[in-house]
1. Which of the trypsin sites (Lys or Arg not before Pro) found in region 1-95 are in a DSSP loop and have at most 10 neighbouring Cβ atoms, other than their own, within 10 Å?
2. Just one of [x] 34, 28, 19; [y] 40, 26, 24; [z] 48, 26, 24 is Cα extents along the principal axes in Å calculated from these coordinates, so which is it?
3. Using only Cα atoms, find the angle between the long axis of helix 8-20 and the longest principal axis of the chain, and express it within 0 to 90 degrees, rounded to the nearest 10.
4. In degrees between 0 and 90, to the nearest 10, how far off the longest principal axis of the chain does helix 24-35 point, with axes built from Cα atoms?
5. Carbon and sulfur: what percent of the chain's accessible surface (1.4 Å probe)?
Amino acid sequence: LRGQLPSAESLEQAAESARALADPTRLALALTLANSSPDECCVCDLAFVVGRSDKLVSHHLRQLRAAGLAGSRKDGRMVQYSLTDQGLALLSVVGQLPERAR
C-alpha cells in the first residue's frame, strides 16, 4: 500500500486543489461554470449568478486558476472562464457536480 501512494509533492498539490473548493464562493463559481451552457462565462455573468461583486469574483477565479481548477481565454475585451478537467473531477469527488456535467 505504501508503494502505491503518490509522492509527497503530488499529495500536496492535490490537497491544495481541494482547498481551493473549500470556500463557498469558489464552490459556487465552480458549480456555475460546470452548469453553464456554453461551458464558459465572463466575470460579470458569474458575479450576477453568485450575487457577489465583480472584484470578489475575479479574486476567487484567480485562485481557482492558480489551483488548476479553472482556465481562461480572452475573447476581445472579455475574459471567458471555464472549468478544467481537474476542476470537473474534483467537483465530482466533492459530490457537487450537476447531473448534466457528469
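1. Details: sites: Arg2, Arg19, Arg26, Arg52, Lys55, Arg62, Arg65, Arg73, Lys74, Arg77; in loops: Arg52, Arg77.
For trypsin sites (Lys or Arg not before Pro) across region 1-95 that sit outside H, G, I, E and B with at most 10 neighbouring Cβ atoms in 10 Å, the list reads Arg77.
2. For Cα extents along the principal axes in Å, the calculated option is [z].
3. Around 30 degrees separate the two axes.
4. 80 degrees
5. Of the solvent-accessible surface of the chain, carbon and sulfur hold 52 percent.
The values are calculated or read from the model by the stated rules, or taken from the named source; none is laboratory data. Keep in mind that this is a model prediction, so the values were computed, not measured. Note that we place each Cβ from the backbone using ideal geometry, even for glycine, and neighbour counts take in every protein chain shown. We work out accessible area using only protein heavy atoms, side chains counted, and drop any ligands, DNA or RNA first. Shrake-Rupley method; radii C 1.70, N 1.55, O 1.52, S 1.80 Å.
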